[in-house]
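Just below is one structure, and these are the notes that go with it.
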Amino acid sequence: RFVMNRAPKFTDLSGRSRVKRMAESLDIKIEVQLPDGGKQVVQAGDHGLPLAETAAKNPLRKEIRKLAESLYELGKSQAEASA
């Protein structure tokens, strides 16, 4: 799985185009694009606090949660298949 950190915003068409060209040139598929979380991420890190507590509605936090859930489900299904 390939994850793009600090991906361009949905409305940034030239940024999205660059990401697409990069993926094509590397012959990969970027499955997850994590947005830039902005000042809230920096502040949480500076204070040593979890982003979930300081900025629960931050787009980066939401995408990280989705990624974690998908990885959990993938691991769970693989464990069931091998049992």
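Charge tally around Tyr72: other residues with Cβ under 13 Å, Lys/Arg +1 each, Asp/Glu -1 each, net 0. The lysines within cross-link reach of Lys20, meaning a Cα-to-Cα straight distance under 23 Å and a gap of 8 or more places when in the same chain, are Lys9, Lys29, Lys62, Lys66. Computed from the Cβ-Cβ distance with R0 of 35 Å, the FRET efficiency linking Lys39 to Ala79 stands at 0.35. Restricting the calculation to alpha carbons of region 37-83 gives Rg and Dmax of 14.6, 45 angstrom.
Think of each Lys and Arg Cβ as +1 and each Asp and Glu Cβ as -1; about the Cα centre, that makes the dipole of the chain roughly 320 debye. Comparing mean-square fluctuations of Pro59, Pro50, Pro35 from a GNM of the chain with C-alpha springs under 10 Å, the top value falls on Pro50. Plugging the Kirkwood radius over Cα pairs into Stokes-Einstein for the chain, at a temperature of 4 °C and a viscosity of 1.567 mPa s, what D comes out in µm²/s? It diffuses with D of about 88 µm²/s by this estimate.
Just so you know, all these numbers are worked out from the coordinates, no wet-lab data involved. Not measured: the values here are computed from a predicted model. Note that we place each Cβ from the backbone using ideal geometry, even for glycine, and neighbour counts take in every protein chain shown.
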